[in-house]
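Visitor: Pasting in a structure now, in structure tokens, and then I'll have a few things to ask.
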Amino acid sequence: MTVVQLLATNAAALIALFALFWLVTLKTRDVTPIDSVWALGMVALGWTSFVQSSGDPTRKALLMTICTIWGVRLGGYLLWRWRRNGPDRRYVTMFSKAKDAKGWGFNQASFRLVYAIQAPLLFIVCLPVQLGQINPAPPVGALGEVGAAIAVVGILLETIADLQLAAFRRDAANAGKVLSSGLWRYSRHPNYFGEACVWWGLYLIAAESMTGRWALFGPVLLTYTLLKWSGVPTIEGRMKRKKPDYEAYVRRTSGFVPWFPKSA
């Protein structure tokens, strides 16, 4: 199977998945679970690539093991968070603005502002796991081993950061306060940093193969999205408006890459 055929098959599978899920949410009127589909959809694309490709078995196994652990962990966590907290306020605000400014109802707004945007983003970010499984040579070498180590560290960072944040929010005494302990003492967004590590690590594994090198667009787009678009900017804007201590936290704490806090 050629690269074009593999990507075309994956794109068709992704479109079908998103179309089905969009139809479901037309009844539930809540698109919040799309965040789980983001993670689990990458796992699905990885496995469709695994079935179609005949690349180096070790590289395929390494890419899919890491991607599956990352996606199932994150997708499960986001589903749990949705069941616990209900609709995400980001989407509620987004649809309210779309209705006021453009007159869009839920059906149109959810399709145009969520599904039609997230599907291509998911496809591009997932390129390392798709393209990295095609070439039968060379075998996994030092670059791939380094990439695997970075990805594993990223999964650990993201998991620990999410657990610390969930525990902090469960304590009613922390209402209105800023989490500034644990990993959050060294980075304002350790979970996002961990996610970036995962996908840069997967890219390094894929990049040892000729076709996998073209997957660079994936981690670059993910990092840009986290830092400049739907990640850090949305969180920081809301935190600054709602938590008075956040400005001081920003001044002493690294924005993304974990580092020792500045003195007061």
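The values are calculated or read from the model by the stated rules, or taken from the named source; none is laboratory data. Please read all numbers here as calculations on a predicted model, not as lab measurements. Here the Cβ is made from the backbone with ideal geometry for all residues, glycine too, and neighbour counts use every protein chain on show.
Visitor: Which residue pairs have Cβ atoms closer than 7 Å, lie 6 or more positions apart in sequence or on different chains, and pair a first residue in the range 1-13 that is polar (S, T, N, Q) with a second residue that is not in a loop (DSSP other than H, G, I, E, B)?
Guide: If the second residue must be not in a loop (DSSP other than H, G, I, E, B), the pairs left are THR9/THR48; THR9/GLN52; ASN10/LEU45; ASN10/THR48; ASN10/SER49; ASN10/GLN130.
Visitor: Just to be sure before I move on: is TRP22 farther than 26 Å from LEU204 by Cβ, part of a helix (DSSP H, G or I) and more than 16 Å from the chain's Cα centre (by Cα) in the structure I sent?
Guide: Here the answer is yes, as TRP22 does meet what is asked.
Visitor: Look at VAL153 and say whether it is within 16 Å of the chain's Cα centre (by Cα), surrounded by 14 or more Cβ atoms within 10 Å (Cβ to Cβ) and either over 27 Å from VAL31 (Cα atoms) or at pLDDT below 95 (or both).
Guide: Spelling it out, VAL153 is indeed within 16 Å of the chain's Cα centre (by Cα), surrounded by 14 or more Cβ atoms within 10 Å (Cβ to Cβ) and either over 27 Å from VAL31 (Cα atoms) or at pLDDT below 95 (or both).
Visitor: Residues of the range 27-41 being assigned to a helix (DSSP H, G or I), of a type in the set (Val, Ile, Thr) and more than 11 Å from LEU122 (Cβ to Cβ), which ones?
Guide: THR28
Visitor: What's the number of the only condition in (1) of a type outside the set (Val, Ile, Thr); (2) surrounded by 14 or more Cβ atoms within 10 Å (Cβ to Cβ); (3) in a helix (DSSP H, G or I) that GLY55 fails to meet?
Guide: Of everything listed in (1) of a type outside the set (Val, Ile, Thr); (2) surrounded by 14 or more Cβ atoms within 10 Å (Cβ to Cβ); (3) in a helix (DSSP H, G or I), GLY55 misses just condition (3).
Visitor: Quick one: count up the residues across the range 188-222 that are among the β-branched types (Val, Ile, Thr) and in contact with a Gly (Cβ under 7 Å, 6 or more places away or on another chain).
Guide: Residues meeting the conditions: 2.
Visitor: Same structure again: Would you check which residues across the range 166-192 are in contact with an Asp or Glu (Cβ under 8 Å, 6 or more places away or on another chain), surrounded by fewer than 21 Cβ atoms within 10 Å (Cβ to Cβ) and among the charged types (D, E, K, R) and list them?
Guide: Within the range 166-192, just LYS177 meets the criteria.
Visitor: Follow-up. Tell me, please, whether a residue that is under 19 Å from the mean Cα position of the chain (by Cα) and of a type outside the set (S, T, N, Q) can be found in the range 95-102.
Guide: no
Visitor: Those residues that are without any contact (Cβ under 8 Å) to a residue 60 or more places away in the chain, in a helix (DSSP H, G or I) and surrounded by fewer than 17 Cβ atoms within 10 Å (Cβ to Cβ), I need them from the range 69-87; list them, please.
Guide: Residues satisfying the conditions are VAL72, GLY76, TRP80, ARG83, ARG84, ASN85.
Visitor: Go through (1) free of Cβ contacts under 8 Å to residues at least 60 places away in the same chain; (2) among the hydrophobic types (A, V, I, L, M, F, W, C); (3) part of a helix (DSSP H, G or I) and name the single condition TRP104 misses.
Guide: (3)
Visitor: Restrict the check to the range 193-210 and report whether at least one residue is aromatic (Phe, Trp, Tyr), surrounded by fewer than 16 Cβ atoms within 10 Å (Cβ to Cβ) and touching a residue at least 24 places away in the same chain (Cβ under 8 Å).
Guide: No, every residue in the range 193-210 fails to be aromatic (Phe, Trp, Tyr), surrounded by fewer than 16 Cβ atoms within 10 Å (Cβ to Cβ) and touching a residue at least 24 places away in the same chain (Cβ under 8 Å).
Visitor: For the subset of the range 211-246 comprising residues that are of a type in the set (S, T, N, Q) and under 20 Å from the mean Cα position of the chain (by Cα), which member is surrounded by the most Cβ atoms within 10 Å (Cβ to Cβ)?
Guide: Across the range 211-246, the extreme among qualifying residues is THR223.
Visitor: GLY176 versus (1) assigned to a helix (DSSP H, G or I); (2) in contact (Cβ under 8 Å) with a residue 40 or more places away in the chain: which is the lone unmet condition?
Guide: Among (1) assigned to a helix (DSSP H, G or I); (2) in contact (Cβ under 8 Å) with a residue 40 or more places away in the chain, GLY176 violates only (1).
Visitor: Which of the residues belonging to the range 122-150 are closer than 22 Å to SER230 by Cα and touching a Cys at 6+ places or on another chain (Cβ under 9 Å)?
Guide: CYS126, PRO128
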